[in-house]
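S.K.: Take this structure first; my questions come after.
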Amino acid sequence: MPYQDPKKRIKNFDEVSLGYDKDLAIKEAKRCLQCKKPSCVKGCPVGIDIPSFIKEISNDNYKGALEKLKEKNLLPAICGRVCPQEDQCEKLCIVGKKNEPIAIGRLERFVADNQKMTSKLKPGLEGEKVAVVGSGPAGLACASELLQRGYRVTIFEALHKPGGVLMYGIPEFRLPKDVVEQEINQLVDMGVELQTNMVIGQTITLLELLEKGYKAVFIGSGAGLPFFLNIPGENLNGVYSANEFLTRANLMKAYLYPKWETPLRVGKKVVVVGAGNVAMDSARTAMRLGAKEVSIVYRRSEAEMPARKEEIFHAKEEGIEMNLLTNPISIEGDAEGWVNKIRCINMELGDPDESGRRRPKPVKGSEFTIEVDTVIMAIGQGANPVIPRSTKNLNLNDKGNIEVDSETGQTSIEGVFAGGDVVTGAATVIQAMGAGKQCAESIDKYIKNN
Amino acid sequence: MNTIISKDILSPSIKRYVIKNSKIAAKAEAGQFIILRVHEKGERIPLTIADYDREKGTVAIVFQEVGNTTQKLGEMEVGDKILDFVGPLGVPTTLPQGDNIVCIGGGMGIAPIYPEVKSLYNKGVKVTGVLGARTKDILFFSNEMDKICDKLYIVTDDGSQGRKGFVTDVLRDIIKNDNKIDGVIAVGPLPMMKAVCDITKVHNIPTIVSLNSLMVDGTGMCGGCRVTIGDEVKFACIDGPSFDGLKVDFDEQMRRLKMYKEEEEKVLGCKCGGEC
């Protein structure tokens, strides 16, 4: 797939991957073997009929391809860009055993970008009311599925823009915000009611929603509570959570400051702690915001980095350094309280831990310091606590995530379902969408039986 | 929703708006805050709820025009709508127990202290109020507070109204002359709250302060509002904004509030950092 030149793209926020043109898309689609029993579908959390949509592309029928995609996924432009296809559909592709697997994600994106969706669905104005809390991937998937099943859906969003992590977390250069807005607007056109600036648990409680006549509630409030390492110096000026850094940059468009009024201070030397997609997004954003040196500090080796291979590759292309087998032990600052050093220790890998990955251990006496003026903590997020603490009888696990029945997604409160990061802890966009969709099916059953 | 119902100019730079939002009015409690945004490209800024009326479905805010957003907010008129108005956020203040409570409001801190005094007054608690400001022109709410305080002291840095000096001078006298103070609520600039806590700590008087930290979302997501309370790091947006003043690391907060000073100055074109 064509990409923007790294030297150019580190100076702009335009999309990095340029997408297939028709010739490339058809050429790629024709490589598909059209397996009778396609493995790729098993790797898709929402069960898209992958061979069929690809076949339509090779037949030059993009409208048909979109129809096929839409049967299972109303957000193809988003999924085609941010799903970890290499670990899902593409991982199981038979072609991939000997050659490059079919680029399913890129084809999905191609269809979504080149064929405007038409809202064929009838708005479910007659059905029962269901409330969806959170407008991120889980909430959007749940809402679109409920809509297709004829329910009247209201989505409550705490921020001023819908989309959740798609809007505040994933940068413009990886997922343009107008793509997200367009797909959400389609849901609204189809009849979803959207209420922004509504913090469920503060403005209205969950139980009040049930009292107001919503027959069921889906909680997809995500993993909106940033973790810190709890090391000295984390509250120094210039130390951000990735959530803050990315929210300022993406949702509030700090890269257009002062035209857009939210500032974001980025130094010349930036260290990002962590090696997931969020860490790569933070590092690449810092580079675009004018940093001269950006490095990732990660306590394990490259093999264990949780980010998508493609993101790591792009980050390296853009000049992001990788300080692997390195763990921060403290952060130091100047007399005015601004961060100026991060003290680290080298690590080595020992026996596997409960995650199955080799446990990193500090190498004695290997401490060293890196000079920095910005540190971004991208070491994961926990479940946002606003709903749990304002809802009696909502059971949580020991990590603070909402406990649900593994089959139905129902919480300890009848009629209240939950899915996505608030249940699993931080995961991928498509996993959250899969959970949202599954809960919609359970909600449908629940309402029909009650 | 979010329409400005009334606009009072409390001083040339301090304004009080009453805003229609029945959902927030229905839930608001003393000590909570809202986040607002005035236009599409604007910042999200937190402001403490200065009053609320559940029946009328309104919420009051008081703000000083110190930054970009508050300046634009100040230009709005009755009938205008605030683009985004979210809340109530944060946890309500746990008011101190006892019959003898001192409530200190310094500068803009007078606004958030008002609903707390009102709550105490409605519970029948006798409140000694202390209002402080740099000068009389920026002192507000003294009449309103006089009605709900058992005693009210006014102090200005330049002596233009009430006693000349600082709120801490009055507090020291109250402690010296009163038999026993059960608790103190102090809201105002960080140096003032710190100075108050330095005194109450010595006398072991429970003290509640409210922190106006930097924040983006106000729901626990960004972590920008972190504050050290004793040995723990808390988020002002979901754990506060009211905290046990005797445990707050004020120096850290003062530093953190300067995070975007340079950027703000560039936009405002002055070097005062919002003090002028």
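S.K.: Which count do you get for residues in the stretch A:254-286 that are more than 22 Å from A:Ala426 (Cα to Cα), more than 14 Å from chain B (Cβ to nearest Cβ) and either at pLDDT below 95 or open to solvent by 20 Å² or more (accessible area, probe 1.4 Å) (or both)?
M.R.: Going through the stretch A:254-286 one residue at a time, the tally reaches 2.
S.K.: Residues of the stretch A:170-196 being open to solvent by 20 Å² or more (accessible area, probe 1.4 Å) and assigned to a loop (DSSP other than H, G, I, E, B), which ones?
M.R.: Selection gives A:Glu172, A:Arg174, A:Gly191, A:Thr196.
S.K.: I need the full set of residues from the stretch A:55-82 which are touching a Cys at 6+ places or on another chain (Cβ under 8 Å) and open to solvent by less than 50 Å² (accessible area, probe 1.4 Å), in order please.
M.R.: Correct list: A:Ser58, A:Asn73.
S.K.: Only one of (1) within 14 Å of another protein chain (Cβ to nearest Cβ); (2) free of Cβ contacts under 8 Å to residues at least 40 places away in the same chain; (3) assigned to a strand (DSSP E or B) is not met by B:Val86, so which one is it?
M.R.: (2)
S.K.: Okay, next question. Of the residues in the stretch A:356-393, how many are within 21 Å of A:Ile231 (Cβ to Cβ) and open to solvent by 40 Å² or more (accessible area, probe 1.4 Å)?
M.R.: 12
S.K.: Being modelled with pLDDT under 90, within 20 Å of the chain's Cα centre (by Cα), more than 14 Å from chain B (Cβ to nearest Cβ) and buried (at least 20 other Cβ atoms within 10 Å of the Cβ) is the requirement here; does A:Val423 meet it?
M.R.: No; evaluated as a whole, the condition is false for this residue.
S.K.: Could you tell me which numbered condition A:Asn346 fails, if it satisfies all but one of (1) farther than 24 Å from A:Ile170 by Cβ; (2) open to solvent by less than 20 Å² (accessible area, probe 1.4 Å); (3) touching a residue at least 12 places away in the same chain (Cβ under 8 Å)?
M.R.: For A:Asn346, the failing item is (2).
S.K.: Tell me which residues, restricted to the stretch A:193-248, are more than 11 Å from chain B (Cβ to nearest Cβ) and among the charged types (D, E, K, R).
M.R.: Answer for the stretch A:193-248, where residues must be more than 11 Å from chain B (Cβ to nearest Cβ) and among the charged types (D, E, K, R): A:Glu193, A:Glu211, A:Lys212, A:Lys215.
S.K.: Please go through the stretch B:241-250 and pick out each residue that is surrounded by fewer than 23 Cβ atoms within 10 Å (Cβ to Cβ) and either touching a His at 6+ places or on another chain (Cβ under 7 Å) or in contact (Cβ under 8 Å) with a residue 40 or more places away in the chain (or both).
M.R.: B:Leu246, B:Phe250
S.K.: Could you check the stretch A:332-394 for strands (runs of 3 or more DSSP E) lying wholly inside it with 3 or more residues that are at positive phi?
M.R.: Result: empty, no element qualifies.
S.K.: Hey, another quick one. Restricting the stretch B:173-224 to residues that are of a type outside the set (A, V, I, L, M, F, W, C) and within 14 Å of another protein chain (Cβ to nearest Cβ), which is nearest to the chain's Cα centre (by Cα)?
M.R.: Among those that are of a type outside the set (A, V, I, L, M, F, W, C) and within 14 Å of another protein chain (Cβ to nearest Cβ), it is B:Ser213.
S.K.: Are there any pairs, at least 6 apart or on different chains, whose C-beta atoms fall under 6 Å, with the first in the stretch A:226-250 and farther than 14 Å from A:Gly274 by Cα and the second among the hydrophobic types (A, V, I, L, M, F, W, C) and part of a helix (DSSP H, G or I), and if so, which?
M.R.: That search, which allows pairs on different chains as well, returns A:Arg248/A:Ala254.
S.K.: If I filter the stretch A:424-444 for residues that are in contact (Cβ under 8 Å) with a residue 24 or more places away in the chain, closer than 29 Å to A:Val180 by Cβ, polar (S, T, N, Q) and in a loop (DSSP other than H, G, I, E, B), do I get at least one hit?
M.R.: yes
S.K.: On the given criteria, is A:Leu251 at the interface with chain B (Cβ under 10 Å from one of its Cβ atoms), within 30 Å of B:Asp251 (Cβ to Cβ), of a type outside the set (Phe, Trp, Tyr) and open to solvent by 10 Å² or more (accessible area, probe 1.4 Å)?
M.R.: No.
Results for (1) part of a loop (DSSP other than H, G, I, E, B); (2) in contact with a helix residue (DSSP H, G or I) (Cβ under 7 Å, 6 or more places away or on another chain), shown as yes or no for each residue.
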| site | (1), (2) |
| --- | --- |
| A:Asn250 | no, yes |
| A:Leu264 | yes, yes |
| A:Gly267 | yes, no |
| A:Ala275 | yes, no |
| A:Arg284 | no, yes |
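S.K.: Give the number of residues within the stretch B:18-51 that are out of contact with any His (no Cβ under 8 Å at 6 or more places or on another chain), in contact (Cβ under 8 Å) with a residue 60 or more places away in the chain and open to solvent by less than 50 Å² (accessible area, probe 1.4 Å).
M.R.: 14
S.K.: Of everything in the stretch A:226-242 that's surrounded by 24 or more Cβ atoms within 10 Å (Cβ to Cβ) and in contact with a Gly (Cβ under 6 Å, 6 or more places away or on another chain), which residue is nearest to A:Asp421 (Cα to Cα)?
M.R.: A:Pro226
The values are calculated or read from the model by the stated rules, or taken from the named source; none is laboratory data. Note that the structure is a prediction, hence the values are computed from the model and not measured. Cβ: placed from backbone, ideal geometry, glycine included. Neighbour counts: every protein chain shown. SASA here: full protein model, heavy atoms, side chains in, ligands and nucleic acids out. Shrake-Rupley method; radii C 1.70, N 1.55, O 1.52, S 1.80 Å.
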